[in-house]
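Q: Below is one structure. I have some questions about it.
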Amino acid sequence: MNERQLTPLRATALMVGAGVGAGIMAVPYLADRVGPLPLALILIVAYVAATFIHLMLVEILLRTGRPLQVIELMRLWVLDRPRRRPLLWLVFGLLSVAFMAALAAYVAAEAEIVSDATGLPEAVSQALVYAVSAGVAFFGLRAVGLFATAGVVALIGCVVVLVAGTLGATVDLDLGVRGTALDGLALFGMVMYGYYAFFSVPQVVKGLAPDGRAAARAVAAGLAVNGLLITLVAWVALSVSDPVTEVAIVGISDQLGPWAGGIGAVFVMAALLTTYWAVSLALADIIAERVAIGFRPAWLVATLPSLLLLYLGALGFLDWLQLAAGLTAIVIALVTIPMYVNARRGGKVTQPDWSLGRWGARPTLGLALLATVLMAAGSLLEA
């Protein structure tokens, strides 16, 4: 961990890009079921829980003393016994397939936007989108950090324009509390995924090494920006949409005009690109580390299936595979707690330059576990 490959700003942008995703446009629809006040509470609780879980991984990496990816951290701290190795390979296989499917879904959605805007055939748009998306990841962490920063600037710009557009519109925000506990749980699961950038934490720690404090600040700041974006998009949708649609920008553009639809398309495109860059980089690093091959061959293995799945007509299976991705991510998040406990006990670095300190005690670990279980339950309800 000697060479600094990211600036704090780019590390923060990488976290934002990994977490924000196009799923942010689904939050208002779920929020409309429960009302703005429960949404505000859920946003705060989810931010605290997600930040704590991500910072646990920061400390694990700092105590390990090596820039390992999540799968290898699992091997080192939880699954290092011979009998557990098959389970490690199973998680690696499920994670790889699920991530590839998610990347294919990102390419499909981006290509649809490009085809609608240009009139190009879908197959051509998919190839162009793949070239741009995977091409940035080909050049590694520095390039992804740079382009993710540009993408996050575009995301923030789009949200600012949408918020400004509501200033001249009729705002009718119902502050009443409604819905059921299950509606709130489904919303909590979706919001937690809006914060979820777990697999980019190793890249942030590696890119800012050896400054652990800077890595912790970048992680917390990135999740805070995600929370701000979710809040603003939800506020716009709940304020002007009648009704609030499953994809928020549809209802927003119906009320504000076609220009809002164009801004929404740019927002979704930027969200998909930044997520693709972050996820493909993480997957390439995971494959390179687990299979012991170079980064460029691992990059090809990680990204090419996202195009081939579309050309093979496998898009119908992607929803199920994305569900598998979510479940795999939840399993790994649950494993984080025993990893954290073991790393604190036996880590190579006993005094890292940053740690959770007293906050890493059992009561808070129990709350983190509860938040993860609720995220899993809420995600399954929505699925």
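The values are calculated or read from the model by the stated rules, or taken from the named source; none is laboratory data. Note that the coordinates shown come from a computational prediction; the quantities given were computed from them, not determined experimentally. Here the Cβ positions follow ideal geometry from the backbone for every residue, glycine too, while neighbour counts run over all protein chains shown.
Q: Quick test for you: out of Ala49, Ala31, Ala40, Ala18, pick the one residue that is in a helix (DSSP H, G or I) and out of contact with any helix residue (DSSP H, G or I) (no Cβ under 6 Å at 6 or more places or on another chain).
A: Exactly one residue qualifies, and that residue is Ala40.
Q: Check the stretch 66-74 and report whether any residue there is within 30 Å of Ala123 (Cβ to Cβ) and either of a type in the set (D, E, K, R) or assigned to a loop (DSSP other than H, G, I, E, B) (or both).
A: Taking every residue of the stretch 66-74 in turn, none turns out to be within 30 Å of Ala123 (Cβ to Cβ) and either of a type in the set (D, E, K, R) or assigned to a loop (DSSP other than H, G, I, E, B) (or both).
Q: I'm told Leu41 meets every condition in (1) farther than 21 Å from Arg362 by Cβ; (2) touching a residue at least 12 places away in the same chain (Cβ under 8 Å); (3) not polar (S, T, N, Q) except one. Can you identify the failing condition by its number?
A: (2)
Q: Within the stretch 227-237, track down each residue that is surrounded by fewer than 24 Cβ atoms within 10 Å (Cβ to Cβ) and in contact (Cβ under 8 Å) with a residue 12 or more places away in the chain.
A: Once the filter is applied, which keeps residues that are surrounded by fewer than 24 Cβ atoms within 10 Å (Cβ to Cβ) and in contact (Cβ under 8 Å) with a residue 12 or more places away in the chain, the stretch 227-237 yields Gly227, Leu229, Thr231, Leu232, Trp235.
Q: Same structure, new question: Among the candidates Ser200, Ser239, single out the residue that is in contact with a helix residue (DSSP H, G or I) (Cβ under 9 Å, 6 or more places away or on another chain), closer than 17 Å to Thr12 by Cβ and among the hydroxyl-bearing types (Ser, Thr, Tyr).
A: Exactly one of Ser200, Ser239 is in contact with a helix residue (DSSP H, G or I) (Cβ under 9 Å, 6 or more places away or on another chain), closer than 17 Å to Thr12 by Cβ and among the hydroxyl-bearing types (Ser, Thr, Tyr), namely Ser200.
Q: Right, something else. Could you grab me the full set of residues in the stretch 237-252 that are of a type in the set (A, V, I, L, M, F, W, C) and within 22 Å of the chain's Cα centre (by Cα)?
A: Ala237, Val247, Ala248, Ile249
Q: Now a separate question. Having 1 or more residues that are touching a Ser or Thr at 6+ places or on another chain (Cβ under 6 Å) and either surrounded by fewer than 19 Cβ atoms within 10 Å (Cβ to Cβ) or at pLDDT 90 or above (or both) is the bar; report the helices (runs of 4 or more DSSP H) wholly within the stretch 109-226 that clear it.
A: 122-138, 141-166
Q: Please specify each residue of the stretch 345-360 satisfying the condition of being assigned to a loop (DSSP other than H, G, I, E, B) and under 18 Å from Ala214 (Cα atoms).
A: Within the stretch 345-360, Val349, Gln351, Pro352, Asp353, Trp354, Ser355, Leu356 meet the criteria.
Q: Pairs, please: C-beta under 6 Å, at least 6 apart or cross-chain, first residue under 12 Å from Ala278 (Cα atoms) and in the stretch 1-21, second at pLDDT below 95 and part of a loop (DSSP other than H, G, I, E, B)?
A: Met15/Ala197; Ala18/Ala197; Gly19/Tyr196; Gly19/Ala197
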